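Worksheet: one structure, shown below.
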Amino acid sequence: MIVNSSHGGEAARPQLRSRVRRAGVLATAGLLTAAGVLSLAGTAHAATTLGASAAAKGRYFGTAVAANHLGESAYASTLDTEFNMVTPENEMKWDAVEGSRNSFNFGSADQIVSHAQGKGMKVRGHTLVWHSQLPGWVSGLGATDLRSAMNNHINQVMAHYKGKIYAWDVVNEAFQDGSSGARRSSPFQDKLGSGFIEEAFRTARAADSGAKLCYNDYNTDGQNAKSNAVYAMVKDFKQRGVPIDCVGFQSHFNSNSPVPSDYQANLQRFADLGVDVQVTELDIEGSGSAQAASYTKVVNACLAVTRCNGITVWGIPDKYSWRSSGTPLLFDDNYGKKAAYTAVLAALGGSSGGGDGGTGSGACTATYTKTNTWGDRFNGQVTITAGSSAISTWTVPVTVTSPQKIATTWNGSPTWDGSGNVMTMKPNGNGNLAAGASTSFGFTVMTNGNTSAPTIGACTAS
């Protein structure tokens, strides 16, 4: 987390030590086939923003928001244009809303919620019970008073925002890093015992039955001792009827802590327990194509897991990130769209509009349809449609999720990246299309046990 942020990083991840953040909303659009795979058949035009493109895939794309930046025009306009979900960065944390016992101040958080509602965005509540950013009076309470204060805090905050919050991070970062899988020492753990998490969730359900209730943590993005401990807790909760609806994966990555190879599989195993999964605080240090490729992996993983509701990045421009020196976000300090932004938009199936503005150039759109399915493979078709002016050629990237492989293609000329999972298709002959005209290419995907739909990137025309 950032200092005044939300997160811990402990020994296993010292670079994540002081920070702040969080997120979550489901904008629907993309239809689900009987097999649960997204089909975009019938989509006439690719969306041109992150939120709209995610909505077309049945997901949301959100960001952490700081109230003190909403008065900056570039910040507000980028927020309003690109995102459809917001998470208050620090404004809903305990020290911000209840600095003195039973004396609540919702001013800054209300500012964010009001802005989001005015723009039709959903809001994630972050966070109700967390060991950090606690006012001093909480730590000084005895067990009986602490239990009363915790439940009162949950009840008062949730009542204030009842009906306005899509999902709450009810409990945040309650497990230690390292190989123990143990609970983290905190006033709640030390004085109330391990049952405080269950109690918090039961109190939260009674306070607002309409909001999703989530557990949120970091360094749980791949399978390890910490994520196994969280998994065991969630499994136990589901078996005993403890009200938990979702698990948040913060997903703070850098060169020392990259996107795990089993990221998608880890999201899926939690989803298989019967909870939604959400990427809640995504940021990836780096730049250029390497950063873009890492962002693409995360987006593709979420799209491949039916119960992954969406993705929230932890901030808008790099300069306001809790890890600003690592330039981890999608927009640079001047709100310019980075390569990572373009990659995320493409992975979501969006388009920046296509074309290069030269003579004879024009936009094009790419629409995916699954055409046939067998036990071990399926066929897909991508339809290319020229925009309002004629085009002379086009390219479309198609990404499959390992261990899937594209076995055969037709009506196009493919090239491949080093992983063999990203195919860029071009015409295999005359690429001319009149304004509004269409052509198509197809391919066969060997599933190797993974039936998720491929990700169709933006069509680029000239």
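The values are calculated or read from the model by the stated rules, or taken from the named source; none is laboratory data. Predicted model, so just to flag it, every value in this text is computed and none were measured. Using ideal geometry, Cβ is built from the backbone for each residue, glycine included, and neighbour counts are taken over all protein chains shown. Please note that ligands, DNA and RNA were not included when accessible areas were found on the heavy atoms of the full protein model with its side chains. Shrake-Rupley method; radii C 1.70, N 1.55, O 1.52, S 1.80 Å.
Here the peptides 84-91, 69-76, 210-217, 312-319 are ranked by packing, the mean other Cβ count within 10 Å, and the order with the highest first is 84-91, 312-319, 210-217, 69-76.
Surface analysis of the chain yields an accessible area of 36 Å² per residue, using protein heavy atoms and a 1.4 Å probe.
For the ranges 222-228, 233-239, what's the packing order if you count other beta-carbon atoms within 10 Å of each residue, average per peptide, and put the highest first?
Ranking the peptides 222-228, 233-239 by packing returns 222-228, 233-239.
Could you work out how far the C-alpha centroid of region 423-462 sits from that of region 47-74, in angstrom? When both Cα centres are located, 28 Å separates them.
Give me Rg/Rg_expected for the chain, where Rg uses Cα atoms only and Rg_expected = 2.2 N^0.38 Å with N residues.
On the way: Rg = 22.6 Å, N = 462, 2.2 N^0.38 = 22.6 Å.
In units of the globular-protein estimate, the chain measures up at 1.00.
Spatially, region 371-420 and region 204-230 are offset by 36 Å when compared through their Cα centroids.
Would region 318-462 count as rounded, prolate or oblate if I go by the C-alpha gyration tensor, calling it rounded below 1.5 in a/c and otherwise prolate when a/b exceeds b/c, oblate otherwise? Could you put the intermediate results ahead of the total?
Details: a/c = 2.50, a/b = 1.17, b/c = 2.14.
Here region 318-462 falls in the oblate category.
Per-residue extension of 0.36 nm, minus the Cα-Cα distance of Ala74 and Ser194, leaves a gain of 38.7 nm for this segment.
Using mean Cβ contacts within 10 Å as the protection proxy, how do 292-298, 427-433 order, highest first? Display every interim value, and only then the final one.
Working: 292-298: 22.6, 427-433: 14.9.
Descending packing order for the listed peptides: 292-298, 427-433.
Proximity of backbone amide H atoms, modeled 1.01 Å from N, is registered between Ala363 and Gly387, Ser388, Ser389 at under 5 Å, excluding neighbours fewer than 5 places apart on the same chain. Taking a straight line from the alpha carbon of Lys162, these lysines sit under 20 Å away, with near neighbours fewer than eight places off in the same chain left out: Lys93, Lys119, Lys122, Lys212. Accessible surface of the chain, 1.4 Å probe: 48 percent of it comes from carbon and sulfur atoms.
Given the -39500 (n - 2.57) contribution per DSSP H run of 4+ residues, what per-residue ellipticity at 222 nm results for the chain, rounded to the nearest 500 deg cm²/dmol?
Details: 12 runs with 124 residues, N = 462.
When only DSSP H runs of four or more count, the value is -8000 deg cm²/dmol.
The stretch between Asn228 and Trp137 holds 29.4 nm of extra length on full extension. This uses 0.36 nm per residue minus the Cα-Cα distance.
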